[in-house]
Amino acid sequence: MSEASLYQAFSTVLKRDLTLAYRTRTEMVNPMLFFIIVISLFPLAVSPDPKVLQSLAPGVIWVAALLATLLSLDSMFRSDFDDGALEQMLLSVHPVSVLVLGKVLAHWLVTGIPLLLLAPLLAVLLHMPSDSIPALMTTLALGGPILSLVGAIGVALTVGLRRGGVLLSLLILPLYIPVLIFAANAVSNAAAGLAIAGQLYFLGALLALALTLAPIATAAALRISLR
Amino acid sequence: MPLTDRFPSQSQMPESTPDKSTPGLTVKGLTCARDDRVLFKNLDFRLEPGQALQIEGPNGSGKTTMLRILCGLTLPTEGEVLWNGLAIEDNRAEYMGAMDFIGHAHGIKKELTPMENLQVAMAMANTRPEQSLEAVLEKVGLRGFEDVPAITLSAGQCRRVALGRLLLSKSLLWILDEPFTALDVQGQAQIESMLVNHVEQGGMVILTSHHPLALKDGMLKIINLRP
(Lines give C-alpha, C1' and ligand atoms only; values in the text may rest on other atoms or scores of the structure.)
Protein backbone atom coordinates (compact mmCIF):
# COMPACT_ATOMS: atom_id res chain seq x y z
CA MET A 1 0.00 0.00 0.00
CA SER A 2 1.40 3.35 -0.97
CA GLU A 3 1.93 6.30 1.35
CA ALA A 4 -0.41 8.37 -0.80
CA SER A 5 -3.36 6.05 -0.18
CA LEU A 6 -2.58 6.00 3.55
CA TYR A 7 -2.59 9.77 3.59
CA GLN A 8 -5.82 9.77 1.63
CA ALA A 9 -7.47 7.44 4.16
CA PHE A 10 -6.25 9.65 7.01
CA SER A 11 -7.52 12.84 5.40
CA THR A 12 -10.87 11.22 4.46
CA VAL A 13 -11.49 10.28 8.11
CA LEU A 14 -10.41 13.74 9.24
CA LYS A 15 -12.65 15.48 6.72
CA ARG A 16 -15.55 13.14 7.49
CA ASP A 17 -15.35 13.79 11.23
CA LEU A 18 -15.03 17.55 10.77
CA THR A 19 -18.12 17.52 8.52
CA LEU A 20 -20.01 15.46 11.09
CA ALA A 21 -18.95 17.84 13.86
CA TYR A 22 -20.07 20.83 11.81
CA ARG A 23 -23.47 19.28 11.12
CA THR A 24 -24.01 18.44 14.81
CA ARG A 25 -22.42 21.65 16.10
CA THR A 26 -24.86 22.14 18.96
CA GLU A 27 -23.28 19.11 20.68
CA MET A 28 -19.85 20.58 20.07
CA VAL A 29 -20.72 23.69 22.10
CA ASN A 30 -21.33 21.69 25.31
CA PRO A 31 -17.70 21.26 26.45
CA MET A 32 -16.93 24.91 25.66
CA LEU A 33 -19.93 26.10 27.64
CA PHE A 34 -18.88 23.87 30.53
CA PHE A 35 -15.37 25.34 30.39
CA ILE A 36 -16.66 28.92 30.49
CA ILE A 37 -19.25 28.28 33.22
CA VAL A 38 -16.89 26.46 35.61
CA ILE A 39 -14.22 29.16 35.38
CA SER A 40 -16.61 32.10 35.60
CA LEU A 41 -18.18 30.66 38.77
CA PHE A 42 -14.89 30.77 40.68
CA PRO A 43 -14.74 34.56 41.23
CA LEU A 44 -18.34 34.42 42.46
CA ALA A 45 -17.86 31.45 44.78
CA VAL A 46 -14.32 31.87 46.13
CA SER A 47 -13.42 35.54 46.22
CA PRO A 48 -13.31 38.44 43.79
CA ASP A 49 -9.92 39.41 45.25
CA PRO A 50 -7.41 39.56 42.31
CA LYS A 51 -4.57 38.15 44.47
CA VAL A 52 -6.56 35.02 45.40
CA LEU A 53 -7.78 34.51 41.85
CA GLN A 54 -4.31 35.00 40.42
CA SER A 55 -2.89 32.18 42.52
CA LEU A 56 -5.83 29.90 41.65
CA ALA A 57 -6.00 30.70 37.93
CA PRO A 58 -3.50 28.21 36.37
CA GLY A 59 -4.94 25.25 38.27
CA VAL A 60 -8.56 26.25 37.72
CA ILE A 61 -8.16 26.78 33.99
CA TRP A 62 -6.29 23.50 33.54
CA VAL A 63 -8.71 21.45 35.67
CA ALA A 64 -11.66 22.92 33.76
CA ALA A 65 -9.99 22.19 30.40
CA LEU A 66 -9.28 18.63 31.49
CA LEU A 67 -12.87 18.02 32.64
CA ALA A 68 -14.30 19.67 29.51
CA THR A 69 -12.20 17.30 27.38
CA LEU A 70 -13.35 14.33 29.45
CA LEU A 71 -16.94 15.43 28.88
CA SER A 72 -16.44 15.49 25.13
CA LEU A 73 -14.60 12.17 24.82
CA ASP A 74 -17.57 9.83 24.77
CA SER A 75 -18.81 11.18 21.44
CA MET A 76 -15.54 10.20 19.73
CA PHE A 77 -16.60 6.64 18.88
CA ARG A 78 -20.20 6.47 20.17
CA SER A 79 -22.15 7.25 16.99
CA ASP A 80 -19.76 5.22 14.82
CA PHE A 81 -20.27 2.28 17.16
CA ASP A 82 -24.06 2.59 17.02
CA ASP A 83 -24.43 2.83 13.25
CA GLY A 84 -21.80 0.27 12.25
CA ALA A 85 -19.27 2.73 10.82
CA LEU A 86 -16.72 1.51 13.37
CA GLU A 87 -17.02 -2.06 12.04
CA GLN A 88 -16.35 -0.72 8.56
CA MET A 89 -13.27 1.11 9.88
CA LEU A 90 -11.91 -2.10 11.39
CA LEU A 91 -12.56 -3.92 8.10
CA SER A 92 -10.84 -1.27 6.02
CA VAL A 93 -7.72 -2.18 4.08
CA HIS A 94 -5.86 0.61 5.87
CA PRO A 95 -4.22 0.22 9.29
CA VAL A 96 -6.80 1.08 11.94
CA SER A 97 -4.26 3.18 13.87
CA VAL A 98 -3.98 5.63 10.96
CA LEU A 99 -7.76 6.03 10.81
CA VAL A 100 -7.84 6.46 14.60
CA LEU A 101 -5.23 9.21 14.35
CA GLY A 102 -7.50 11.03 11.89
CA LYS A 103 -10.42 10.78 14.30
CA VAL A 104 -8.33 11.98 17.26
CA LEU A 105 -7.00 14.93 15.30
CA ALA A 106 -10.57 15.87 14.35
CA HIS A 107 -11.56 15.62 18.02
CA TRP A 108 -8.72 17.91 19.08
CA LEU A 109 -9.56 20.41 16.33
CA VAL A 110 -13.20 20.69 17.41
CA THR A 111 -12.71 20.60 21.21
CA GLY A 112 -9.04 21.33 21.99
CA ILE A 113 -8.64 24.35 19.72
CA PRO A 114 -11.79 26.18 20.98
CA LEU A 115 -10.59 25.65 24.58
CA LEU A 116 -7.17 26.97 23.59
CA LEU A 117 -8.75 30.08 22.09
CA LEU A 118 -11.11 30.69 25.02
CA ALA A 119 -8.37 30.28 27.64
CA PRO A 120 -6.79 33.79 27.34
CA LEU A 121 -10.18 35.47 27.81
CA LEU A 122 -10.89 33.42 30.91
CA ALA A 123 -7.36 34.04 32.14
CA VAL A 124 -8.06 37.78 32.06
CA LEU A 125 -11.27 37.13 33.99
CA LEU A 126 -9.17 35.49 36.72
CA HIS A 127 -6.68 38.41 36.72
CA MET A 128 -3.81 36.32 35.42
CA PRO A 129 -0.71 38.44 34.65
CA SER A 130 -0.54 39.03 30.93
CA ASP A 131 3.02 37.70 30.57
CA SER A 132 1.92 34.22 31.75
CA ILE A 133 -0.79 33.94 29.08
CA PRO A 134 1.63 32.75 26.35
CA ALA A 135 2.73 30.00 28.77
CA LEU A 136 -0.92 29.00 29.28
CA MET A 137 -1.51 28.82 25.53
CA THR A 138 1.67 26.79 25.01
CA THR A 139 0.76 24.25 27.69
CA LEU A 140 -2.73 23.90 26.22
CA ALA A 141 -1.28 23.48 22.73
CA LEU A 142 1.07 20.75 23.93
CA GLY A 143 -1.22 19.16 26.53
CA GLY A 144 -4.53 19.30 24.67
CA PRO A 145 -3.56 16.73 22.02
CA ILE A 146 -2.28 14.42 24.79
CA LEU A 147 -5.71 14.57 26.44
CA SER A 148 -7.43 13.63 23.16
CA LEU A 149 -4.93 10.87 22.31
CA VAL A 150 -4.94 9.22 25.74
CA GLY A 151 -8.69 9.73 26.07
CA ALA A 152 -9.22 7.82 22.82
CA ILE A 153 -7.76 4.67 24.39
CA GLY A 154 -10.24 4.86 27.25
CA VAL A 155 -13.22 5.56 24.99
CA ALA A 156 -12.23 2.70 22.70
CA LEU A 157 -12.17 0.34 25.68
CA THR A 158 -15.55 1.46 27.05
CA VAL A 159 -17.49 2.09 23.82
CA GLY A 160 -19.07 -1.37 23.92
CA LEU A 161 -20.50 -0.79 27.40
CA ARG A 162 -23.85 0.91 27.72
CA ARG A 163 -22.86 2.87 30.84
CA GLY A 164 -19.16 3.33 30.39
CA GLY A 165 -19.03 6.92 31.63
CA VAL A 166 -17.81 6.32 35.19
CA LEU A 167 -15.40 3.62 34.11
CA LEU A 168 -13.99 5.95 31.47
CA SER A 169 -13.21 8.64 34.08
CA LEU A 170 -11.57 6.08 36.38
CA LEU A 171 -9.45 4.71 33.54
CA ILE A 172 -8.39 8.00 32.07
CA LEU A 173 -7.97 10.43 34.97
CA PRO A 174 -4.83 8.78 36.42
CA LEU A 175 -3.22 9.09 32.99
CA TYR A 176 -4.17 12.76 32.81
CA ILE A 177 -2.54 13.61 36.14
CA PRO A 178 1.08 14.02 34.86
CA VAL A 179 -0.13 16.37 32.12
CA LEU A 180 -2.11 18.40 34.67
CA ILE A 181 0.84 18.65 37.08
CA PHE A 182 3.42 19.76 34.51
CA ALA A 183 1.06 22.13 32.70
CA ALA A 184 -0.39 23.89 35.76
CA ASN A 185 3.07 24.12 37.30
CA ALA A 186 4.48 25.67 34.12
CA VAL A 187 1.78 28.36 34.11
CA SER A 188 2.28 29.15 37.84
CA ASN A 189 6.03 29.41 37.33
CA ALA A 190 5.54 31.71 34.35
CA ALA A 191 3.34 33.95 36.49
CA ALA A 192 6.11 34.05 39.11
CA GLY A 193 8.67 34.88 36.44
CA LEU A 194 10.51 31.55 36.66
CA ALA A 195 11.82 29.36 33.85
CA ILE A 196 9.32 26.90 32.40
CA ALA A 197 11.44 25.11 29.78
CA GLY A 198 11.70 21.92 31.86
CA GLN A 199 7.95 21.48 32.15
CA LEU A 200 7.44 22.22 28.46
CA TYR A 201 10.05 19.61 27.52
CA PHE A 202 8.20 17.08 29.66
CA LEU A 203 4.89 17.94 27.99
CA GLY A 204 6.57 17.66 24.58
CA ALA A 205 7.98 14.26 25.48
CA LEU A 206 4.59 13.07 26.71
CA LEU A 207 3.02 14.32 23.48
CA ALA A 208 5.56 12.45 21.36
CA LEU A 209 4.93 9.30 23.41
CA ALA A 210 1.14 9.60 23.14
CA LEU A 211 1.27 10.43 19.43
CA THR A 212 3.25 7.29 18.62
CA LEU A 213 1.68 4.77 21.00
CA ALA A 214 -1.91 5.90 21.66
CA PRO A 215 -3.26 5.23 18.12
CA ILE A 216 -1.92 1.67 18.23
CA ALA A 217 -3.39 1.08 21.69
CA THR A 218 -6.70 2.61 20.60
CA ALA A 219 -6.89 0.38 17.53
CA ALA A 220 -6.27 -2.70 19.68
CA ALA A 221 -8.86 -1.54 22.21
CA LEU A 222 -11.45 -1.06 19.45
CA ARG A 223 -10.87 -4.61 18.23
CA ILE A 224 -11.48 -5.91 21.75
CA SER A 225 -14.60 -3.78 22.20
CA LEU A 226 -16.19 -5.02 18.98
CA ARG A 227 -15.49 -8.68 19.58
CA MET B 1 -4.12 -27.05 14.67
CA PRO B 2 -4.79 -30.81 14.94
CA LEU B 3 -8.09 -31.86 13.49
CA THR B 4 -7.86 -35.58 14.11
CA ASP B 5 -8.91 -35.51 17.74
CA ARG B 6 -12.09 -33.61 17.00
CA PHE B 7 -15.58 -34.97 16.60
CA PRO B 8 -16.64 -35.92 13.07
CA SER B 9 -17.60 -32.75 11.26
CA GLN B 10 -21.10 -31.82 10.21
CA SER B 11 -20.16 -31.05 6.67
CA GLN B 12 -19.93 -33.27 3.66
CA MET B 13 -16.85 -31.54 2.29
CA PRO B 14 -13.82 -33.81 2.04
CA GLU B 15 -10.87 -32.70 4.15
CA SER B 16 -8.09 -31.47 1.92
CA THR B 17 -5.22 -29.04 2.18
CA PRO B 18 -6.33 -25.91 0.37
CA ASP B 19 -4.29 -24.94 -2.63
CA LYS B 20 -2.75 -21.53 -2.15
CA SER B 21 -3.07 -20.66 -5.81
CA THR B 22 -6.87 -20.91 -5.94
CA PRO B 23 -8.63 -18.22 -3.99
CA GLY B 24 -11.28 -19.31 -1.59
CA LEU B 25 -12.49 -19.29 1.97
CA THR B 26 -11.83 -22.38 4.05
CA VAL B 27 -13.35 -22.92 7.45
CA LYS B 28 -11.92 -25.60 9.71
CA GLY B 29 -13.49 -26.94 12.89
CA LEU B 30 -15.30 -23.70 13.65
CA THR B 31 -16.90 -23.75 17.09
CA CYS B 32 -18.53 -20.87 18.88
CA ALA B 33 -19.91 -20.84 22.40
CA ARG B 34 -21.64 -17.88 24.03
CA ASP B 35 -22.47 -17.86 27.75
CA ASP B 36 -22.13 -21.66 28.12
CA ARG B 37 -24.33 -22.18 25.07
CA VAL B 38 -22.81 -23.81 22.01
CA LEU B 39 -24.03 -21.96 18.92
CA PHE B 40 -22.31 -24.21 16.41
CA LYS B 41 -19.68 -26.89 16.66
CA ASN B 42 -17.02 -28.26 14.33
CA LEU B 43 -18.21 -26.57 11.21
CA ASP B 44 -16.09 -27.28 8.13
CA PHE B 45 -16.71 -25.92 4.68
CA ARG B 46 -14.97 -24.39 1.71
CA LEU B 47 -16.28 -21.70 -0.56
CA GLU B 48 -14.74 -21.10 -3.97
CA PRO B 49 -15.23 -18.41 -6.61
CA GLY B 50 -18.60 -18.79 -8.27
CA GLN B 51 -20.28 -20.11 -5.15
CA ALA B 52 -22.72 -18.66 -2.68
CA LEU B 53 -23.32 -19.76 0.87
CA GLN B 54 -26.63 -19.19 2.55
CA ILE B 55 -26.75 -19.51 6.33
CA GLU B 56 -30.16 -20.36 7.69
CA GLY B 57 -31.42 -20.91 11.18
CA PRO B 58 -33.92 -19.63 13.71
CA ASN B 59 -33.39 -16.34 15.53
CA GLY B 60 -30.58 -16.54 18.05
CA SER B 61 -28.96 -19.55 16.40
CA GLY B 62 -25.72 -17.67 15.75
CA LYS B 63 -26.08 -16.51 12.15
CA THR B 64 -24.76 -13.01 12.79
CA THR B 65 -22.00 -14.31 15.08
CA MET B 66 -20.95 -16.68 12.33
CA LEU B 67 -20.70 -13.84 9.79
CA ARG B 68 -18.71 -11.72 12.24
CA ILE B 69 -16.29 -14.61 12.74
CA LEU B 70 -15.98 -15.10 8.98
CA CYS B 71 -15.05 -11.45 8.44
CA GLY B 72 -12.65 -11.43 11.37
CA LEU B 73 -14.48 -9.10 13.77
CA THR B 74 -15.16 -11.81 16.34
CA LEU B 75 -12.85 -14.63 17.36
CA PRO B 76 -14.22 -18.17 17.30
CA THR B 77 -14.00 -20.31 20.44
CA GLU B 78 -12.18 -22.90 18.38
CA GLY B 79 -11.24 -23.46 14.77
CA GLU B 80 -9.92 -21.17 12.09
CA VAL B 81 -10.90 -19.28 8.98
CA LEU B 82 -8.46 -19.37 6.08
CA TRP B 83 -8.35 -17.11 3.03
CA ASN B 84 -6.31 -18.53 0.14
CA GLY B 85 -4.82 -21.02 2.56
CA LEU B 86 -3.65 -18.48 5.16
CA ALA B 87 -5.35 -17.67 8.47
CA ILE B 88 -7.22 -14.37 8.07
CA GLU B 89 -5.46 -12.81 11.09
CA ASP B 90 -2.08 -13.42 9.40
CA ASN B 91 -3.34 -12.28 6.04
CA ARG B 92 -5.37 -9.28 7.13
CA ALA B 93 -4.43 -6.74 4.46
CA GLU B 94 -5.13 -9.11 1.59
CA TYR B 95 -8.35 -10.44 3.09
CA MET B 96 -9.76 -6.99 3.88
CA GLY B 97 -9.08 -5.95 0.31
CA ALA B 98 -10.94 -8.97 -1.04
CA MET B 99 -13.91 -8.86 1.32
CA ASP B 100 -16.86 -6.55 1.87
CA PHE B 101 -19.15 -6.83 4.86
CA ILE B 102 -22.55 -5.24 5.39
CA GLY B 103 -23.90 -5.99 8.82
CA HIS B 104 -27.16 -5.25 10.56
CA ALA B 105 -25.86 -1.79 11.25
CA HIS B 106 -24.82 -0.85 7.75
CA GLY B 107 -22.44 1.98 8.61
CA ILE B 108 -24.30 4.77 6.81
CA LYS B 109 -23.76 8.08 8.62
CA LYS B 110 -27.09 9.85 9.14
CA GLU B 111 -25.54 13.31 8.98
CA LEU B 112 -23.83 12.75 5.65
CA THR B 113 -25.50 12.60 2.26
CA PRO B 114 -25.62 9.31 0.28
CA MET B 115 -22.96 10.79 -1.98
CA GLU B 116 -20.57 11.59 0.90
CA ASN B 117 -21.21 8.18 2.44
CA LEU B 118 -20.11 6.46 -0.75
CA GLN B 119 -17.05 8.71 -1.07
CA VAL B 120 -15.92 7.76 2.44
CA ALA B 121 -16.52 4.07 1.72
CA MET B 122 -14.42 4.28 -1.44
CA ALA B 123 -11.51 5.89 0.40
CA MET B 124 -11.70 3.22 3.12
CA ALA B 125 -11.65 0.44 0.55
CA ASN B 126 -8.89 2.20 -1.39
CA THR B 127 -10.60 1.60 -4.74
CA ARG B 128 -11.22 3.92 -7.62
CA PRO B 129 -14.79 3.47 -8.86
CA GLU B 130 -15.23 2.52 -12.51
CA GLN B 131 -18.60 4.22 -12.67
CA SER B 132 -19.63 7.56 -11.28
CA LEU B 133 -21.19 7.65 -7.84
CA GLU B 134 -24.26 9.37 -9.32
CA ALA B 135 -24.77 6.43 -11.68
CA VAL B 136 -24.56 3.99 -8.79
CA LEU B 137 -27.07 5.93 -6.72
CA GLU B 138 -29.40 6.00 -9.70
CA LYS B 139 -29.04 2.22 -10.06
CA VAL B 140 -30.09 1.64 -6.47
CA GLY B 141 -33.08 3.92 -6.97
CA LEU B 142 -31.88 7.00 -5.13
CA ARG B 143 -31.93 9.51 -7.94
CA GLY B 144 -32.76 12.93 -6.56
CA PHE B 145 -31.55 11.96 -3.07
CA GLU B 146 -27.82 12.37 -3.75
CA ASP B 147 -27.38 15.49 -1.68
CA VAL B 148 -29.89 15.24 1.14
CA PRO B 149 -28.68 14.10 4.58
CA ALA B 150 -29.30 10.39 5.09
CA ILE B 151 -31.30 11.19 8.22
CA THR B 152 -34.20 12.23 5.98
CA LEU B 153 -34.12 8.89 4.13
CA SER B 154 -36.18 5.86 5.13
CA ALA B 155 -34.63 2.67 6.54
CA GLY B 156 -34.97 0.98 3.17
CA GLN B 157 -33.34 3.87 1.34
CA CYS B 158 -30.39 3.83 3.79
CA ARG B 159 -29.94 0.14 3.12
CA ARG B 160 -29.94 0.91 -0.60
CA VAL B 161 -27.03 3.33 -0.06
CA ALA B 162 -25.14 0.55 1.75
CA LEU B 163 -25.86 -1.85 -1.09
CA GLY B 164 -24.71 0.78 -3.56
CA ARG B 165 -21.30 0.27 -1.99
CA LEU B 166 -21.34 -3.30 -3.31
CA LEU B 167 -21.89 -2.04 -6.85
CA LEU B 168 -18.72 0.03 -6.52
CA SER B 169 -16.71 -2.65 -4.77
CA LYS B 170 -14.19 -4.80 -6.56
CA SER B 171 -14.21 -7.33 -3.74
CA LEU B 172 -14.41 -11.02 -4.50
CA LEU B 173 -16.26 -11.98 -1.35
CA TRP B 174 -19.41 -10.29 -0.11
CA ILE B 175 -20.56 -11.08 3.42
CA LEU B 176 -24.08 -9.81 3.98
CA ASP B 177 -26.24 -9.98 7.07
CA GLU B 178 -29.94 -10.06 6.10
CA PRO B 179 -29.46 -7.92 2.96
CA PHE B 180 -33.17 -7.98 2.16
CA THR B 181 -34.28 -6.32 5.41
CA ALA B 182 -36.36 -3.15 5.02
CA LEU B 183 -36.33 -3.33 1.22
CA ASP B 184 -39.49 -3.29 -0.90
CA VAL B 185 -40.32 -6.05 -3.41
CA GLN B 186 -38.63 -4.26 -6.29
CA GLY B 187 -35.54 -3.56 -4.15
CA GLN B 188 -35.33 -7.19 -3.07
CA ALA B 189 -35.48 -8.36 -6.67
CA GLN B 190 -32.76 -5.90 -7.61
CA ILE B 191 -30.44 -7.04 -4.83
CA GLU B 192 -31.10 -10.65 -5.69
CA SER B 193 -30.12 -10.13 -9.31
CA MET B 194 -27.00 -8.26 -8.10
CA LEU B 195 -26.01 -11.21 -5.94
CA VAL B 196 -26.71 -13.80 -8.64
CA ASN B 197 -24.78 -11.71 -11.13
CA HIS B 198 -21.80 -11.46 -8.80
CA VAL B 199 -21.69 -15.22 -8.22
CA GLU B 200 -22.09 -16.02 -11.91
CA GLN B 201 -19.17 -13.73 -12.71
CA GLY B 202 -16.97 -15.69 -10.34
CA GLY B 203 -17.58 -13.82 -7.11
CA MET B 204 -18.45 -15.28 -3.73
CA VAL B 205 -21.38 -14.38 -1.51
CA ILE B 206 -22.11 -15.40 2.07
CA LEU B 207 -25.44 -14.26 3.40
CA THR B 208 -27.93 -14.90 6.13
CA SER B 209 -31.45 -14.84 4.83
CA HIS B 210 -34.52 -16.97 4.36
CA HIS B 211 -35.04 -15.51 0.93
CA PRO B 212 -34.44 -18.23 -1.71
CA LEU B 213 -31.73 -17.30 -4.24
CA ALA B 214 -32.23 -18.20 -7.89
CA LEU B 215 -28.88 -19.93 -8.42
CA LYS B 216 -28.08 -23.07 -10.35
CA ASP B 217 -27.38 -26.32 -8.49
CA GLY B 218 -23.83 -26.54 -7.25
CA MET B 219 -23.50 -22.79 -6.99
CA LEU B 220 -25.46 -22.47 -3.79
CA LYS B 221 -24.52 -24.11 -0.51
CA ILE B 222 -26.82 -23.95 2.47
CA ILE B 223 -25.84 -24.32 6.10
CA ASN B 224 -28.60 -24.71 8.61
CA LEU B 225 -27.68 -23.75 12.15
CA ARG B 226 -30.08 -25.79 14.20
CA PRO B 227 -29.88 -25.09 17.90
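Here are some notes:
- Where a residue in segment A:81-105 is more than 7 Å from every other protein chain (Cβ to nearest Cβ) and over 20 Å from A:Y7 (Cβ atoms) and its partner, wherever it lies, is hydrophobic (A, V, I, L, M, F, W, C) and assigned to a helix (DSSP H, G or I), with Cβ under 7 Å and at least six apart: A:L86/A:F77; A:L86/A:L222
- Contact annotation: residue pairs with Cβ atoms under 8 Å, 6 or more positions apart or on different chains, pairing a residue in segment B:151-180 that is touching a residue at least 60 places away in the same chain (Cβ under 8 Å) with a partner that is polar (S, T, N, Q) and assigned to a helix (DSSP H, G or I), are B:D177/B:T64.
- Count - residues of segment A:46-80 that are surrounded by fewer than 19 Cβ atoms within 10 Å (Cβ to Cβ) and within 14 Å of chain B (Cβ to nearest Cβ): 2
- Picking from residues in segment B:82-111 that are of a type in the set (A, V, I, L, M, F, W, C) and out of contact with any helix residue (DSSP H, G or I) (no Cβ under 6 Å at 6 or more places or on another chain), the one that is modelled with the lowest pLDDT is B:A93.
- Screening the candidates A:V179, A:V159 for the property of being of a type in the set (V, I, T), within 29 Å of A:P95 (Cβ to Cβ) and at pLDDT 95 or above yields one hit, A:V179.
- The listed residues are B:G62, B:G79, B:G50, and the only one of them that is within 28 Å of A:L222 (Cα to Cα), at pLDDT 90 or above and within 21 Å of the chain's Cα centre (by Cα) turns out to be B:G79.
- Looking only at segment A:111-133, residues that are within 30 Å of B:A150 (Cβ to Cβ) and crowded, with 22+ Cβ neighbours inside 10 Å come to 2 in all.
- Any hit, segment B:88-108, residues being surrounded by fewer than 20 Cβ atoms within 10 Å (Cβ to Cβ), under 23 Å from B:R226 (Cβ atoms) and acidic (D, E): no
- Among the residues making up segment A:1-56, those that are of a type in the set (G, A, S) and within 21 Å of A:L71 (Cβ to Cβ) are A:A21, A:S40, A:A45.
- Members of segment A:8-23 found to be surrounded by fewer than 19 Cβ atoms within 10 Å (Cβ to Cβ), within 9 Å of chain B (Cβ to nearest Cβ) and in contact (Cβ under 8 Å) with a residue 40 or more places away in the chain, listed by number: A:S11
- Residue check, A:M32 under 17 Å from B:E111 (Cβ atoms), buried (at least 16 other Cβ atoms within 10 Å of the Cβ) and more than 14 Å from chain B (Cβ to nearest Cβ): no
- Selection of helices (runs of 4 or more DSSP H) fully inside segment A:31-141 by the criterion of at least 3 residues being closer than 30 Å to B:I88 by Cβ and not polar (S, T, N, Q) returns A:75-83, A:85-90, A:96-107.
The values are calculated or read from the model by the stated rules, or taken from the named source; none is laboratory data. Here the structure is a predicted model, which means the values were calculated and not measured. Glycine also receives a Cβ, built like all others from the backbone with ideal geometry; neighbour counts cover every protein chain displayed.
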